[in-house]
Structures are given as structure tokens and as C-alpha cells.
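Here is the structure we will look at.
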Amino acid sequence: MSGPVLSVRGLTRHYASPSGLVRALDDVSLEIAAGELVGIFGPSGSGKSTFLMMAGLLEAPTAGEVWLAGQRVSHAGTDVDGLREVRRHQIGFVFQRANLIPFLSASENVALSLEIADVAGADAMAHARRLLAALDLAHRADNLPTRLSGGEQQRVAVARALANGPPLILADEPTAALDSVRGRQVMELFRRIAATQGAAIAVVTHDPRSTDLFDRIVHFEDGRMVA
Ligand SMILES: Nc1ncnc2c1ncn2[C@@H]1O[C@H](COP(=O)(O)OP(=O)(O)OP(=O)(O)O)[C@@H](O)[C@H]1O
């Protein structure tokens, strides 16, 4: 495929609040190519999470457009509920907390996201185990989340996000709850996934220790992309 995986153009999100209009995101344009790992930095309240919500088709922008693989999928007034299929097949999300389902094993957590996308149970489980093995978690596949360390849980969450082979992965402070060693492991995992699977990956982070892993870093300030 040529052209960027993700292209956002003039993305803007305003919220009405009792103290007036909040310009959470203000005319942001950004493209991410296949295989590219982009770091998004910026102070608290600068619009990073809002950007991921819009780029991830979880919320419609006030203005601007989101294009995925050359197709315009979201713009002002889009019914984001109607984009569930696009999200399911094209976007993997990783959040600050792994949010695994507590009564399912690591492999069942990963397989579930495949089953939701209509992969038959046995195939889903086999694929989940392969993915966990690729993330050095084969020995944890049958463990419940409570039996995993925070770093292991987060790697299972990454496996879950990867399960459908989405061309775009969006991560919102995925290492914030981890110590520096485990945080680094998760970031190196994103680096590896971008390189080996050609995924376009955007990671919002406050952690300056992983800056060497990014292909590109962008900074947000007051809802705008400043570099
Ligand atoms: N639903 C909402 N209603 C009103 N204001 C909102 C809403 N969501 C976000 N905001 C405001 O938009 C601005 C950007 O918020 P956002 O969460 O995107 O920042 P952030 O850079 O991700 O911050 P942090 O690093 O603390 O997570 C903030 O001023 C926030 O208060």
C-alpha cells in the first residue's frame, strides 16, 4: 500500500464548558506511514488524548477529517457508532492500564478480541497463543491477569491490540503504570511491531527515556501540534 496509513487533516475538537469554549484540539494535521512509530509528547491538557480519541474514531471531530488507508472515515458529524467495524479491523488500542478481563486467562483475553471479529474459537485461541509466544509470554498464556506482573499484563494488552493485525495502533500512555525496565520493554515491543508487521503506531507518552525508539516525535501544546 502506498500513502500513509493514518492521515488527519485540520483536526479540531471544541468542548463547551461552564467557563467557555475549550479548544481541546486545534487544527492538527499529521500523517503516519506503515512501519512508522511516532511519539506524541506534551504537557497535561495539551490535547494528546483528544487527538487519539479522534484518530481512533471513538469521537467525531468538531472540524477536520480522519483518513485511514486512503479513505475518509471521520469528519464533523460522523456517527462514530457506525464505525465500529472499521475500528475493530483497522485499529488496535492500548491504554495506560491493561484492563484485561479478570476471570479470563491471558490467551482467552487475546482470543476474545478475535472471536468478536468472527474468528472461530479454536483458531482464535491458536492465534492468541502464537501472539503471546511472539511477545515472550508463552509461559503465561494460561495465567489469569492477577497472576501476571504489571509489565506482563501490559504486554498481553498489546497482544490483544495486535490480534486482528490492525494497520494502525494507538497507545495512550501505555507505560505510565510501569517501572522503567518494564516500560522500556513495552516500548521496544512497539518498535518491533512497527518494524516486523509494518503497523503505523502512535504512542502518547510523558516518558523521555524512550525517545530513541521513535522514528518521529511530535509535541502538542494548548491543543496545537507545535513540532
Ligand atoms: N469531554 C470534555 N469536556 C470538556 N473538556 C474536555 C473534555 N475532554 C477533554 N477536555 C479538555 O480538553 C483539553 C485537552 O484534554 P486531553 O485529555 O486531550 O489532554 P492530554 O494532553 O491528553 O492530557 P493528559 O496528559 O493529562 O492526559 C483539556 O483542557 C481538557 O480539560
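The values are calculated or read from the model by the stated rules, or taken from the named source; none is laboratory data. Predicted, not measured: the structure shown is a model, and the values here were computed from it. Cβ coordinates were reconstructed from backbone atoms using ideal geometry, including for glycine residues, and neighbour counts include every protein chain displayed.
Would you check if there is a residue in region 99-108 being within 17 Å of the chain's Cα centre (by Cα) and either at negative phi or part of a helix (DSSP H, G or I) (or both)?
yes
Starting from region 30-45, take each residue that is under 18 Å from Ala194 (Cα atoms) and away from the ligand (no atom under 15 Å from the Cβ) and list its partners that are of a type in the set (S, T, N, Q) and modelled with pLDDT of 95 or more, counting only C-beta distances under 7 angstrom and pairs at least six apart or across chains.
Glu31/Ser7
Of these, Leu162, Leu137, which one is touching a residue at least 60 places away in the same chain (Cβ under 8 Å) and hydrophobic (A, V, I, L, M, F, W, C)?
Leu162
So Arg216 clears everything in (1) surrounded by fewer than 15 Cβ atoms within 10 Å (Cβ to Cβ); (2) modelled with pLDDT of 95 or more; (3) within 16 Å of the ligand (Cβ to nearest atom) except one condition, right? Which one?
So the condition that Arg216 fails would be (3).
Among the residues in region 10-26, are any part of a strand (DSSP E or B), touching a residue at least 12 places away in the same chain (Cβ under 8 Å), more than 23 Å from Gly198 (Cβ to Cβ) and more than 14 Å from the ligand (Cβ to nearest atom)?
Within region 10-26 (the criterion being part of a strand (DSSP E or B), touching a residue at least 12 places away in the same chain (Cβ under 8 Å), more than 23 Å from Gly198 (Cβ to Cβ) and more than 14 Å from the ligand (Cβ to nearest atom)), the answer is yes, since at least one residue qualifies.
Out of the residues in region 51-65 meeting the condition of being more than 15 Å from the chain's Cα centre (by Cα) and not small (Gly, Ala, Ser), tell me which one is farthest from the ligand (Cβ to nearest atom).
Taking the candidates together, the pick is Glu65.
For region 54-70: of the residues being in contact with a helix residue (DSSP H, G or I) (Cβ under 9 Å, 6 or more places away or on another chain) and in contact (Cβ under 8 Å) with a residue 40 or more places away in the chain, which is surrounded by the fewest Cβ atoms within 10 Å (Cβ to Cβ)?
Top of the filtered list is Glu59.
Condition test on Leu104, is it modelled with pLDDT of 95 or more and over 27 Å from Tyr15 (Cβ atoms)?
Yes; evaluated as a whole, the condition is true for this residue.
Here are Leu132, Leu162: which of them is modelled with pLDDT under 90, among the aliphatic types (A, V, I, L, M) and crowded, with 21+ Cβ neighbours inside 10 Å?
Leu162
Can you name the residue in region 196-209 that is away from the ligand (no atom under 16 Å from the Cβ) and over 16 Å from the mean Cα position of the chain (by Cα) and, of all such residues, is modelled with the highest pLDDT?
Filtering region 196-209 for residues that are away from the ligand (no atom under 16 Å from the Cβ) and over 16 Å from the mean Cα position of the chain (by Cα), the one modelled with the highest pLDDT comes out as Thr196.
Tell me, please, whether a residue that is more than 16 Å from Val38 (Cβ to Cβ), surrounded by fewer than 21 Cβ atoms within 10 Å (Cβ to Cβ) and within 16 Å of the ligand (Cβ to nearest atom) can be found in region 171-193.
The answer is yes, given that some residue of region 171-193 is more than 16 Å from Val38 (Cβ to Cβ), surrounded by fewer than 21 Cβ atoms within 10 Å (Cβ to Cβ) and within 16 Å of the ligand (Cβ to nearest atom).
Condition (residue is within 16 Å of the ligand (Cβ to nearest atom), crowded, with 17+ Cβ neighbours inside 10 Å and modelled with pLDDT under 95) applied to region 71-81: is it met by at least one residue?
Looking for residues that are within 16 Å of the ligand (Cβ to nearest atom), crowded, with 17+ Cβ neighbours inside 10 Å and modelled with pLDDT under 95, one finds at least one in region 71-81, hence yes.
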